[in-house]
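The values are calculated or read from the model by the stated rules, or taken from the named source; none is laboratory data. Note that the coordinates shown come from a computational prediction; the quantities given were computed from them, not determined experimentally. Cβ atoms come from the backbone with ideal geometry, glycine included; neighbour counts cover every protein chain shown.
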Amino acid sequence: MNILGIETSCDETSAAILIDDRVGSNVISSQRCHTGFGGVVPELASREHERMIVPIVESAVTEANITKNELDCIAATAGPGLIGAVMVGLCFAEGMAFALDIPFVPVNHIEAHMFSAFIPESPNHRVPEGPFISLVVSGGHTLLSLVREDLGYEVIGRTLDDAAGEAFDKTGKMLGLPYPAGPVIDRLASTGDPHFHSFPKALTSQSQTSRNYRGNFDFSFSGLKTSVLTWLQKHPRDFVAAHLNDIAASIQHAIVSVLVEKAIAAARHFRVSAVSVAGGVSANSALREAMKEACARHGIDLHIPGTVYSTDNAAMIASLAGLMLSKGMVGDNRYDVAPFASFGAASRKSH
Ligand code: KG4
Ligand code: ZN
C-alpha cells in the first residue's frame, strides 16, 4: 500500500510516502520567511505553503520512486495548527485524492506525534509493546497520555499555560536568540553548566510551592518564564553575555527535569513498561540523554523517533493514517478543520 502524507500545520511544508512498512520518502521544507518576526506569521505561513506544496509533493513522489497513479490513499493534517496553513495542505490533499479517485484520511497532528514511535524508520524498527505512556512536547502542546493496546488513549496531563517548546522559545527570545530558540538553547547548553542557576520546576517534587504533586501529571512553564525575566533584569548585560551558555543550560535543565520526572512518574503510576517521547522538543539532546538514563534506571523501554521524525514531518501523518486503516479506524471522512486541539473521545481522569 502506498500512502501519501501531507503536513502543513505550522511552518514546515512536508510530504512523505509510506510504502507498506517503510518510509519511501519524507521531504521537508522549513519556512525561512518568518526570520526577524520573532515567531511564525500565520498569513506568511499560508502563502509559503501554497508556493511549496506542489514541488514538495512532486519531490516526495519522485524520491519514493513511484508515480502518482500508484498511490492508494492520501492523508493530511486536519489540525490543530494555524488554520490557513492547515487549509492549504488539507484542500490540496483532498483535491488530489478526488482527482485520483482514492480515499482521503484526515489526521490529527498531535495524535501523529503521539504515535510517531510507529513510524517504520528502519527495517528492524521496534515499536512499543502493550500500553505505553506518551509524552508529546511541541511548540504548542505538552501532553502526557496513557495509550492502550487498541491505540485508544486517555490524556492524563497537559500544560496549564505554556507548552515546553514555548518555554524554550520565549526564554530564548529574552536572551536575544532567534526563533525558534529551542535548537539554539540546545547547542549553547552543550558547553554550559546546568546548575549555574536553579530555575523553578513547577508541579514537581522539586517545586517549593506544590507539596501535593504526586499523581499530578499537569505541567506549568509560565513561572519559569517570569523567573528568567526577573533574573535577567537583576544581572548586568555583560555578565549575562559572559554566561549565556550557563543560563541556556540552566533553563534547559529546568524544562527537561520536569518532563522526565512526569513521564517516569506516569509510567510507574499506571504500571506500564514503555514510554514514548515525540514532538519538536524531543529533538533536544539533553532530554534524550536524561530520558535514556531515567528509563534505564527504572527498567522502562524508551521510544524516541530520530530527530527528523521528532519535529514536524509528513511521515508521521502517513504512518498514523496507515495504522488507522489497518485497525479499521477510518470513518466516513467527516472531520472538522481544527485550529485548536480537541481530543474527542479522550477523557481526563483524576487520580
Ligand atoms: O513539533 P514541532 O516541530 O512543531 C509544533 O507542532 O509545534 O515543535 C516545534 C518546537 C519549537 O518550540 C522548537 O523550539 C522546539 O520544538 N525544538 C526544540 C529543539 N528542536 C526543536 N527544543 C529544544 N531543543 C531542540 N533541539
Ligand atoms: Zn508538531
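Could you say whether any residue in the range 278-292 is under 27 Å from GLU12 (Cβ atoms) and among the acidic types (Asp, Glu)? Give the steps one after another, and end with the answer.
Here is the first cut: in the range 278-292, the residues under 27 Å from GLU12 (Cβ atoms) are 278-292.
From what is left, the residues that are among the acidic types (Asp, Glu) are 289.
Yes, the conditions are met somewhere in the range 278-292.
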One residue is enough: does the range 310-326 have a residue meeting the conditions more than 23 Å from ILE3 (Cα to Cα) and not in a helix (DSSP H, G or I)? no
Of the conditions (1) surrounded by fewer than 17 Cβ atoms within 10 Å (Cβ to Cβ); (2) closer than 18 Å to ALA314 by Cα; (3) free of Cβ contacts under 8 Å to residues at least 24 places away in the same chain, the single one that GLN31 does not satisfy is (1)
Which members of the range 278-316 meet the condition of being touching a His at 6+ places or on another chain (Cβ under 8 Å), aliphatic (A, V, I, L, M) and within 16 Å of ligand 2 (Cβ to nearest atom)? ALA278, MET316
Take VAL330 and tell me if it is outside any helix (DSSP H, G or I), more than 16 Å from ligand 2 (Cβ to nearest atom), modelled with pLDDT of 95 or more and more than 21 Å from the chain's Cα centre (by Cα). no
In the range 93-140, residues that are part of a helix (DSSP H, G or I), more than 16 Å from ligand 1 (Cβ to nearest atom) and not aliphatic (A, V, I, L, M) total 4
Check off (1) surrounded by fewer than 16 Cβ atoms within 10 Å (Cβ to Cβ); (2) outside any helix (DSSP H, G or I); (3) among the aliphatic types (A, V, I, L, M) for VAL54 and give me the number that stays unchecked. (2)
For the range 1-37, enumerate the residues that are farther than 16 Å from ARG47 by Cα and among the polar types (S, T, N, Q). ASN2, SER25, ASN26
Could you check SER227 against (1) free of Cβ contacts under 8 Å to residues at least 60 places away in the same chain; (2) within 16 Å of ligand 1 (Cβ to nearest atom); (3) surrounded by fewer than 24 Cβ atoms within 10 Å (Cβ to Cβ) and say which number it fails? (2)
Failed criterion for ASP161 (all others in (1) surrounded by fewer than 24 Cβ atoms within 10 Å (Cβ to Cβ); (2) at pLDDT 95 or above; (3) outside any loop (DSSP other than H, G, I, E, B) hold): (3)
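Looking at the range 287-315, which of the residues that are among the charged types (D, E, K, R) and closer than 14 Å to SER273 by Cα is farthest from the chain's Cα centre (by Cα)? Quick ask: steps written out before the conclusion?
Here is the first cut: in the range 287-315, the residues among the charged types (D, E, K, R) are 288-289, 292-293, 297, 301, 312.
Now narrow it down to the ones that are closer than 14 Å to SER273 by Cα: 292, 297, 301.
Details: LYS292: 18, ARG297: 25, ASP301: 20 Å.
So the residue we want is ARG297.
Could we say that ASN69 is assigned to a loop (DSSP other than H, G, I, E, B) and modelled with pLDDT of 95 or more here?
Numbers: assigned to a loop (DSSP other than H, G, I, E, B): no; modelled with pLDDT of 95 or more: yes.
No; evaluated as a whole, the condition is false for this residue.
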Please list, ordered by first then second residue, the pairs with beta carbon atoms under 6 Å, 6 or more apart or interchain, first in the range 235-258 and within 12 Å of LEU224 (Cβ to Cβ), second outside any helix (DSSP H, G or I) and among the polar types (S, T, N, Q). VAL258/THR204
Scanning the range 160-188 for residues that are touching a Pro at 6+ places or on another chain (Cβ under 9 Å) and not charged (D, E, K, R), the one nearest to ligand 2 (Cβ to nearest atom) turns out to be GLY165
Does the range 128-136 include one or more residues that are of a type in the set (Ser, Thr, Tyr) and touching a residue at least 12 places away in the same chain (Cβ under 8 Å)? yes
Whether any residue in the range 167-188 is among the basic types (Lys, Arg), surrounded by fewer than 18 Cβ atoms within 10 Å (Cβ to Cβ) and touching a residue at least 24 places away in the same chain (Cβ under 8 Å) is what I want to check. yes
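Could you say which residue among ALA99, ALA78 is hydrophobic (A, V, I, L, M, F, W, C) and either in contact with a strand residue (DSSP E or B) (Cβ under 6 Å, 6 or more places away or on another chain) or buried (at least 20 other Cβ atoms within 10 Å of the Cβ) (or both)? Spell out how you get there, then give the answer.
On the way: ALA99 fails: either in contact with a strand residue (DSSP E or B) (Cβ under 6 Å, 6 or more places away or on another chain) or buried (at least 20 other Cβ atoms within 10 Å of the Cβ) (or both).
None of the others qualify; the one that does is ALA78.
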ILE74 is checked against (1) more than 11 Å from ligand 1 (Cβ to nearest atom); (2) β-branched (Val, Ile, Thr); (3) under 15 Å from the mean Cα position of the chain (by Cα) and fails just one. What number does that condition carry? (3)
